[in-house]
Structure formats: C-alpha cells, structure tokens
Amino acid sequence: MTGHHFMDSFNRRSLLALGAGLAAGPGTASAQSAWPDRPVRIICAFPGGSTPDLAARAIAPHLQQVLGQPVIVENRAGGGGHIGTEAVARATDGHALGVTIGGPGSTAKILNPALGYDPATDLAPISLLARLPFVLVVHPSVPARNAAEFVAFAKANPGKISYASTGPGTLSHLVMEDLAASQGFEAVHVPYRAVGQAVLDLVAGRIQAFFAATGGVLGQVRDGSVRALAVTSAERFPALPEVPTMAEAGVPSDPAIAWIGLFAPAGFPADRIARLAEETGKALLVPDQRRALETAGFTVVGSDTASFRTLLASDIARWGGLIRRLGLKPES
C-alpha cells in the first residue's frame, strides 16, 4: 500500500471509529466505568511549549473532567525524546501516560539496540493526536529553487551540505537519509536537541538544509529567511499552498508525516485504553483545545487505537527497514 493510500484509508477509519464512539454516547460501559482514585500523569517527552507539549495540554482538561481525577502534564525532555518516552515505558504505577513522536515512539530500539526500552513491546498505543508533513527548507544561499535542483546541487557538492535533524533516528533525520540514499548524494548530519535551535542555525547559514515539521518553520518561510522547496505529503499543505509536493517538485517519494501520539506502558488495562482513546477523540473536537495545534500547523486527528497501531507498524516497517539497510547508528 502506498503512503498516500495508507493515509487516506487511515483517515477514513479514524473518522468512522470516532463517529461510532460519539454516537454511542455517555451511556456506554467504558464511559460509566469508574477511574481509579489517583491523579493521572501525562509525561511529555519534550519541553514546555513544544508541539507535543501543546498536544498533551490540549487533552488534559477534558480527561480531568471525565475521569474525575487531576491530570498533570509532566515535561521530561532530553535525548531526542527518549528520556521521557522511556519513563513512560518503565512506569509501573498504572497512572502514567505519555506523549511522544515518531522515532522515540516507534523505531528507537532498531536504531539503538542498547536503549533501555523498545517502543514496539514496552508501549501501548492509545491514540494518534495530530500529524503534519515535513517541508524541505534551505538557507537562501543554496542555489536551488525546487527539490530537483537541491538534489542536483547536493550531487555536485558531495559532503558540502550540512542538514539538521531533531536527533539521530528521528523522522527529520530519516527522511533526509532516505532522500540521499535514493538520489545518490552525501550530506553531513547535524543533530539538534530542539527544533528552535536548528531553525536559528539554518537562518544564520550555519547549516544549509532541514526537513522540518512544517509547523516549526512557517514564520521563516513566510518572511523569506529560509526557502521552502517541497512538502512530503501526497497533497499540498494548506498553510503553504505555494510549496509543491516532492513529486510535483520532480523528486517522487512516498509521503512522510510527523506525528504526535498518546501512549501507555505495555500491560495497561485494555478497558482504560479504550476509554482514553474515546475521550481523547472527544477532547480534540473542542475548538479551544485544538486551536493551538492547528495554529502550529498540525492536522488534529484523535484516532482510535487500532488505526494508530497500524500507523506504528507501517513506520516500523518503513523507517526501521531504512535504519537497517543503511546501517544507521545512534550517533549517525
């Protein structure tokens, strides 16, 4: 199944499942079941003000209301999202959830076998909260006006282009590695702890390129401090309608998305996971709760658990295969 058809099917399943959950109404057994009388922690694997943090804080008020317990968002940033994600995987109190992104939430153990957790076995997916494509942005000094010209320039200047990522094994890293491998060029990887610092260095010309989650560079694209060459979605991104897709820009590739998801530790009770997925979908329908994510450029989802699990399996197959094929390491 192509990435485009997968996402179309994924969106249809998510909407149908969410509609069914809403139609069932508050009289369902899951909605009536009492939640344990203890505060709920949502461990966000990224700092306050980041888009994963916005997602966690978007769902917390509704969960607090319907569960009848305090819901506390706890930021544990560092390690490209691995510190907070591992904290969720290792939680044993039965009241810890986690918000993280692709990489720490899917392929981390494939990249680093020595890692203290494996998202494929130590995390229980609950709901995909939001998604958005990446955009290939370059410093204005790079003489490329589209993705095809960027590839040609990179081929003509092997190893002279430095590109940013939000950490080894994150999707911003893997998307560029995939492009370089498929198009036959070399570039220097410069990992960053935070998107903001990567963007600052791109604007300053200390690095030349970045596959950034679109929401993180909208302002810089619009003010001309960076140049957007293409988006990684199957269709153009509504917030950047003038920027072509990779295929339109002359470099066909499967769509790639950044995502934010809600997880529990493996072994979390199935009835609680089902209820959390249902209530998360409801929380993300509230205009005030979703506005911050939409302002940051994300498409708000709030999927059912089965659809999110399918997305994770697709990520592990695609990006895990790339990691193995290229022999990528944690320090790559």
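Data for the structure
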quantity: Residue in segment 144-156 that is open to solvent by 10 Å² or more (accessible area, probe 1.4 Å) and of a type in the set (F, W, Y) present; calculated: yes
quantity: Where A274 falls short, out of the listed (1) out of contact with any helix residue (DSSP H, G or I) (no Cβ under 6 Å at 6 or more places or on another chain); (2) touching a residue at least 12 places away in the same chain (Cβ under 8 Å); (3) open to solvent by 10 Å² or more (accessible area, probe 1.4 Å); (4) within 30 Å of D93 (Cα to Cα); calculated: (1)
quantity: Enumerated strands (runs of 3 or more DSSP E) restricted to segment 120-224, each holding at least 1 residues that are without any contact (Cβ under 8 Å) to a residue 60 or more places away in the chain and not charged (D, E, K, R); calculated: 162-165, 188-191
quantity: V99 being buried (at least 17 other Cβ atoms within 10 Å of the Cβ), in a helix (DSSP H, G or I), β-branched (V, I, T) and modelled with pLDDT of 80 or more; calculated: no
quantity: Residue among A292, A264, A239 that is within 21 Å of E86 (Cα to Cα) and either surrounded by fewer than 22 Cβ atoms within 10 Å (Cβ to Cβ) or in contact (Cβ under 8 Å) with a residue 12 or more places away in the chain (or both); calculated: A264
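For (1) at pLDDT 85 or above; (2) among the basic types (K, R); (3) part of a loop (DSSP other than H, G, I, E, B); (4) surrounded by fewer than 18 Cβ atoms within 10 Å (Cβ to Cβ), each residue gets a yes or a no:
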{"residue": "R13", "(1), (2), (3), (4)": "no, yes, no, yes"}
{"residue": "L18", "(1), (2), (3), (4)": "no, no, no, no"}
{"residue": "L22", "(1), (2), (3), (4)": "no, no, no, yes"}
{"residue": "Q69", "(1), (2), (3), (4)": "yes, no, yes, yes"}
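Residues checked against (1) aromatic (F, W, Y); (2) under 22 Å from G215 (Cα atoms):
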{"site": "H95", "(1), (2)": "no, no"}
{"site": "A114", "(1), (2)": "no, no"}
{"site": "P125", "(1), (2)": "no, no"}
{"site": "L129", "(1), (2)": "no, yes"}
{"site": "F134", "(1), (2)": "yes, yes"}
{"site": "E149", "(1), (2)": "no, no"}
{"site": "K155", "(1), (2)": "no, no"}
{"site": "L171", "(1), (2)": "no, yes"}
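The values are calculated or read from the model by the stated rules, or taken from the named source; none is laboratory data. What you see is a predicted model; the values in this text were computed from it and never measured. FYI the Cβ positions are ideal-geometry reconstructions off the backbone, even for glycines, and counts take in every protein chain you see. Calculation scope for accessible area: heavy atoms of the full protein, side chains included, ligands and nucleic acids excluded. Shrake-Rupley method; radii C 1.70, N 1.55, O 1.52, S 1.80 Å.
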